[in-house]
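**Student:** Have a look at this one.
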Amino acid sequence: MNFQRFFSAIFLIAVCALPISARAQNSLIKTSLNGAVVTTQQVRAELLAWAPEGVEAGKPVWLGLQLAHQPEWHTYWKNSGDSGLPTMLEWQLPAGVTAGEIAWPTPKKIPIGTLANYGYEGAILLPVPLTVAPGFSAPQLDIKLKAAWLVCRKECIPQEGEFTLSLPAKGSTAASGALFQAAFDATPKPLATGASQLEVSGQALKVSLSGLPAALQGKTLALFPETASIIEPAAPWSQEWQGAVWTAQLPLSGQRLESPARLPLVVALGDAAWRIDAPVSGDWPAVTSVAVVSPALEAALKANTSAPAAPASSGQPPLGLLAALLGALLGGLILNLMPCVFPVLAIKVVGFVNEKSQATRLTSGLAYSAGVVLSFLALGALLLGLRAAGDQLGWGFQLQSPAVVAALAALFTLLGLNLAGLFDFGSILPGRVVNLQAKNPGVNAFLSGVLATAIASPCTAPFMGASLGYAVGLPAAQALAVFGAIGIGMALPYLAASALPGVARALPRPGAWMLTFKQLMAFPMFATVAWLVWVLGQQSGIDGAGALLALLVLLALAVWSLGLRGRTRIAMATFSIAVFALGVCTIGQNILKTADASPTAASARWQDWQPGRVEQLTAQGQSVFVDFTAAWCVTCQYNKKTTLANAAVLADMDARNVALLRADWTRRDPAVTKALAGLGRSGVPVYVFYKPGRAPVVLSEILSVSDVRAELARL
């Protein structure tokens, strides 16, 4: 086997695949600049404008984002209720023009199991007033908008869009007038405070409103507090009319974030609504538990002004930098035992057999180590940079993209076919590349280190979890030191083998066994492909997995044809490459689709984790166990099939009435990312016990039946 050609091809494939994978990952949650309309599978978003008298100072000028939802999908009001996040708008306007706040239309109450949200279904327009300063004289008003919204059904998908629009300064822009007027009609009308009162009494908020239209008397009204976490949205409450005064008594939330002196409320009957902002009398009760904030898409728009939240207590002592570095080093060592990493390391070690010079072996070891360490530093810098820009990402984020999973499956298919002897990279690579590699063998070792890092990074080995979670909150230099320590730990076995002459002497002499060993190593590669196809099936459903399998077959046909000899090579290669390209264009889109069901759909025993669900259960006196997992996490799947499926463990869980929640991170989910950060973690697996009145207890990444049962005994 020609290792120079082998790893040269790996590098070329990886370089070509990465830009495509990055774009595909963004397409899951973010759309590119596309005029005034952005369309996803769940929402059609359009930027509209209304300037009936032109763009002039003192004249009405309105902009608005219209969201047209697919059936059963919804987005959120300014107070999203038990979960969710309001739509956010960030404007870029010329000097002399400023945007006001969203004039939120009245929402509807959307029950979600035992919870309740406030939001919008169907089509809704969110109008925003513009103020034009005197002296604005541009011939047109150029508008740019970056919008972020969370669209939910049973699952939630954070999405973004960028919009552009140009309005002529002179003349009327009234085409959307009817839509804006409908939005204004749906906006709550102000209600004078008058004799209205808001009073806190015990654990309830008493509301007494006067001045409502007489036609409402005797009718049942809906109520929406504009401030989040004040009342329990899903809890029952009472209301009655006392003559012309409407009164209600609402239960206060035990997860209240604040005790405001004034409280804006909206009351509604059908499409008619009124808003009052009144002072609150009485003494607010003490908060009994801490609320979990909804998924922080807001960070995507305000990253430069938001301070990082302090991690929640995990029941463990604070982690110092020295301990984090040691944990990272040990975790890197353990990464070498991952099923997809070991074949690469084994092939490199056996490569020592062909190296006659100790100096050459040492050079190879240093180059491989440099590839591993620099790759971990680059991956860490990318993660830190994206998080600083507002993306809610964690360790292993690349495998949350179906496109990256598909690209890795293609890469490992090629590696497996090469090891099995179907083709040789030297027959399909340009001769100049092969000659360059032959003259620079250290590049081969360096690129193999890059490959090993790429396939090992999605895993969180023991000792790595706390170190990674600690690292993302450190200054950049210290955080990169932790990532570098992981790389050093992973590179150490190979570096030690290359530096110790006794290792080379202990290896068998070159012979026919090397061909057998090379072919044997193809099967771990194919096993990795099978795992990646399963991961994609969890993300994109059976159609996505089927499309990937079909494309892998076509890819194998293409590389086989490139290795042919004689007159048939050109014709066969042209045909097979064309068929592969046609397959990518026709069925490739199935790979990027979202599966209809959550990858870890709740069984009779397990429930889907949702923000605030743990606090709700513990407030009722129930203990909770949360499994933070992902389909692409090998350790997660091992623990799930062994310890978490163990009959004795499940019997103990049932005996102690422990609620089992599963937080799936297979696809990117800011809510799960935020919850992990609150526990001081940045990757999966993470296993946590919650008990009322006690700090959360985070277990080891490698679960054992005895450890789980011992912790259950303490509940």
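**Student:** Just to be sure, is GLN249 open to solvent by 60 Å² or more (accessible area, probe 1.4 Å), over 29 Å from ILE124 (Cα atoms) and not in a loop (DSSP other than H, G, I, E, B)? Lay out the reasoning, then the answer.
**Tutor:** Values: open to solvent by 60 Å² or more (accessible area, probe 1.4 Å): yes; over 29 Å from ILE124 (Cα atoms): yes; not in a loop (DSSP other than H, G, I, E, B): yes.
So GLN249 passes the test.
Let's see how each residue does on (1) open to solvent by less than 30 Å² (accessible area, probe 1.4 Å); (2) touching a helix residue (DSSP H, G or I) at 6+ places or on another chain (Cβ under 8 Å):
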position	(1), (2)
VAL132	yes, no
PHE136	no, no
LYS146	no, yes
ARG153	no, no
ILE157	yes, yes
ALA169	yes, no
GLN181	no, no
PRO190	no, no
THR193	no, no
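**Student:** Please work out which one of (1) open to solvent by less than 70 Å² (accessible area, probe 1.4 Å); (2) more than 22 Å from ARG613 (Cβ to Cβ); (3) modelled with pLDDT of 90 or more; (4) of a type outside the set (A, V, I, L, M, F, W, C) is the condition PRO225 fails and give its number.
**Tutor:** It fails just one condition, (2).
**Student:** Does ALA147 count as out of contact with any strand residue (DSSP E or B) (no Cβ under 6 Å at 6 or more places or on another chain) and small (Gly, Ala, Ser)? Don't jump to the end; show me each part of the working.
**Tutor:** Details: out of contact with any strand residue (DSSP E or B) (no Cβ under 6 Å at 6 or more places or on another chain): no; small (Gly, Ala, Ser): yes.
The answer is no for ALA147.
**Student:** Please go through (1) open to solvent by 10 Å² or more (accessible area, probe 1.4 Å); (2) assigned to a strand (DSSP E or B); (3) in contact with a Leu (Cβ under 9 Å, 6 or more places away or on another chain) for ARG662 and return the number of the only condition it doesn't satisfy.
**Tutor:** So ARG662 meets the others, but not (3).
**Student:** Here's a check for you: in the range 491-506, which residue that is under 19 Å from SER448 (Cβ atoms) and open to solvent by 40 Å² or more (accessible area, probe 1.4 Å) is modelled with the lowest pLDDT?
**Tutor:** It comes out as VAL503.
Conditions (1) more than 25 Å from the chain's Cα centre (by Cα); (2) among the hydrophobic types (A, V, I, L, M, F, W, C); (3) within 30 Å of GLU232 (Cβ to Cβ); (4) buried (at least 22 other Cβ atoms within 10 Å of the Cβ), marked per residue:
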position	(1), (2), (3), (4)
PRO71	no, no, yes, no
ASP82	no, no, yes, yes
GLY96	yes, no, no, no
TRP104	yes, yes, yes, yes
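**Student:** Taking the conditions exactly as written (part of a loop (DSSP other than H, G, I, E, B), touching a residue at least 24 places away in the same chain (Cβ under 8 Å) and not acidic (Asp, Glu)), does LYS170 satisfy them or not?
**Tutor:** yes
**Student:** Same structure again: Does at least one position in the range 446-454 carry a residue that is within 29 Å of the chain's Cα centre (by Cα), among the aliphatic types (A, V, I, L, M), at pLDDT 70 or above and open to solvent by 40 Å² or more (accessible area, probe 1.4 Å)?
**Tutor:** Yes: one or more hits.
**Student:** Could you count how many residues in the range 230-246 are open to solvent by 20 Å² or more (accessible area, probe 1.4 Å) and either at pLDDT 85 or above or not hydrophobic (A, V, I, L, M, F, W, C) (or both)?
**Tutor:** Number satisfying all stated conditions: 11.
**Student:** Of the residues that sit in the range 606-627 and are polar (S, T, N, Q), in a loop (DSSP other than H, G, I, E, B) and touching a residue at least 12 places away in the same chain (Cβ under 8 Å), which one is least open to solvent (accessible area, probe 1.4 Å)?
**Tutor:** Once the filter is applied, the top-ranked residue is SER623.
The values are calculated or read from the model by the stated rules, or taken from the named source; none is laboratory data. Bear in mind the structure is a predicted one, so any value in this text is a computation, not a measurement. Using ideal geometry, Cβ is built from the backbone for each residue, glycine included, and neighbour counts are taken over all protein chains shown. These accessible areas exclude ligands, DNA and RNA; they are computed on the full protein's heavy atoms, side chains included. Shrake-Rupley method; radii C 1.70, N 1.55, O 1.52, S 1.80 Å.
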